[in-house]
1. Here are some residues: PRO273, PRO347. Which one is over 14 Å from the mean Cα position of the chain (by Cα) and within 29 Å of SER223 (Cα to Cα)?
2. Out of the range 350-398, which residues are among the β-branched types (Val, Ile, Thr) and over 19 Å from PHE462 (Cα atoms)?
3. Does ILE418 satisfy the criteria of being touching a residue at least 24 places away in the same chain (Cβ under 8 Å), open to solvent by less than 70 Å² (accessible area, probe 1.4 Å) and in contact with a Cys (Cβ under 8 Å, 6 or more places away or on another chain)?
4. When the residues of the range 41-89 are narrowed to those that are open to solvent by less than 50 Å² (accessible area, probe 1.4 Å) and assigned to a loop (DSSP other than H, G, I, E, B), which ends up nearest to ALA152 (Cα to Cα)?
5. Tell me the residue from LYS93, LYS24 that is modelled with pLDDT under 95, over 26 Å from GLY166 (Cα atoms) and charged (D, E, K, R), please.
6. Among the listed residues LEU245, LEU249, identify the single one that is closer than 19 Å to PHE366 by Cβ and not in a helix (DSSP H, G or I).
7. Quick check on VAL394: is it surrounded by 22 or more Cβ atoms within 10 Å (Cβ to Cβ), touching a residue at least 60 places away in the same chain (Cβ under 8 Å) and in contact with a helix residue (DSSP H, G or I) (Cβ under 8 Å, 6 or more places away or on another chain)?
8. Considering only the range 207-222, how many residues are closer than 19 Å to VAL297 by Cα and under 24 Å from the mean Cα position of the chain (by Cα)?
Amino acid sequence: MTPWILAYTLLLAPLVDKDASAIKVTNLRDAETIRFPVALVKGIAPGQVINVVNQENRRSGGTNAASIADGRFKVLVELVPGRNRLQFTTTRKDKASFSLVYKPMISDYKVDVVYLTAQDGDTQYATQKADDKQNYLDKLDTAAKLMQTFTAESLNDSGFGRRTFGLNYDSRGRVRVLKLAYPASGDQLRGMTGNQLYDAIYPWLDRQVSFQKRKCIVIMSFSRYDAKSKRPLAHIAWGGGDMGLFSSLSMSAWPSSIRDVARAFGDSSPINPEKLYDDSFGRSTLWGLASTGMGAVLHELGHTFVGAEHSADPKSVMSRGFDHFNRFFVAKEAPSAQSKTAVTPKPGEVMRWDAYNASLLACDRFFQPDAREFKNDSPPRIYLDWATDEVVGVAPHGVKLVHFWNQTDPPSHTTYKIFQNSPKVVRIKRSLLRQLVKAPDGAAMHLTDAEGQVFSVNERAFTGADDLPPITSKEYLAELRNFVAGLTSGMTYDWADGR
């Protein structure tokens, strides 16, 4: 090879190598296994648009496109069980290959999606679109999958792995939506307050589906907007126990498929106040309505998982951060009444599960992907050792997670620890606990054991030696004290010195 040819080859080599790696996935590893069907792929790429094709998925969700903003992209693609070969291309003709393995969750603990009508069975939701397809099944399928994917990615961002809740799917991989008719007229239901609706629907729904091993997202089709009085009717976002109950007044703005997400979150059409209630957090656009609506559903679903509470983190799902659900899925936010131009959110401006609540979810039974028989015996308890003035958390099956917090709303000065070695006992001086969370009048403590059983109490409830932990018999407390007395020191974690 002549010297000039060699020099030319050396000069060209790095340019070719750079071009070959122009598309880079930054949040997933090649051939990584995930346990949910919609992958959010984030990365860097040149150009304006990136396309993805899943060679194993011939349905519509197997192909998608997304905008590239400032060299970064976020694109959704639906997977099929097994290996999925993804092909990426850009408008600049860059190419890249990537693979993911989808292994479906097989846990018995699942979230059911319920579309609730009045007794007439009318499924129509409120809309301002003359040609609205009223495709509630498509919208609920898409929304539930987005919430599932968001939760997995956000928990992973907090260091807990891609854990998320399970959904029920049919043979085509679509979310099974239960259409149920409540035995009352639409007018009767629209005349009820939010509390009345929740109190009436909760026990009735338990009889229809049984809340054992189930949480339920319930969307009320009979919600309406009275344009004359400017009042929303049957409009509620309320979660707790095993059910989250929601109005359907934002549904018309929701995406109808995974491929429709970018369009829905880019729809800056103004909300028509004669047709729809503007619950868009001041954005007054259809994308804002979609973002707040789906974010609120996830917020209330969060309350159904044991221990998840409001958050002081302004971008948490469990605060008004839920209004920014859209930002997790798009690289650039569309214009709205709050900004006449598109906005590229900074990393700290994107909705997330705050780490405190994420730790609770990661240890919850509904977030364990594989089937197992959980033990329901020897539940954890928290009591006061009056001889040492220590708050004592006991879990015969082992402590998985402990939380301390000041019992404000939202909880403040939160502290948590996840244990890998699952000690049987966690001890902390009462004075240290109060000091730790700045709660001079009494601090709260929450335990999750290795079987997903939970127990919470505020230690100020213990005012005398005869006080029992809530829902605890004298016999069981004596059993726990004997259990603790028989343990070796290596099975106890002392918060004061980390032993």
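1. PRO273
2. Answer for the range 350-398, where residues must be among the β-branched types (Val, Ile, Thr) and over 19 Å from PHE462 (Cα atoms): just VAL350.
3. So ILE418 fits the description; yes.
4. Step by step, filter the range 41-89, then rank; the result is LEU79.
5. Checking each option against the conditions leaves just LYS93.
6. On inspection, the qualifying residue turns out to be LEU245.
7. When the stated conditions are applied, VAL394 passes them.
8. Residues in the range 207-222 being closer than 19 Å to VAL297 by Cα and under 24 Å from the mean Cα position of the chain (by Cα): 9 in total.
The values are calculated or read from the model by the stated rules, or taken from the named source; none is laboratory data. From a predicted model like this one, the values you see are computed outputs, not experimental measurements. Here Cβ is always computed from backbone atoms with ideal geometry, including for glycine, and neighbour counts include all displayed protein chains. Surface accessibility is based on the protein's heavy atoms, side chains included, excluding ligands, DNA and RNA. Shrake-Rupley method; radii C 1.70, N 1.55, O 1.52, S 1.80 Å.
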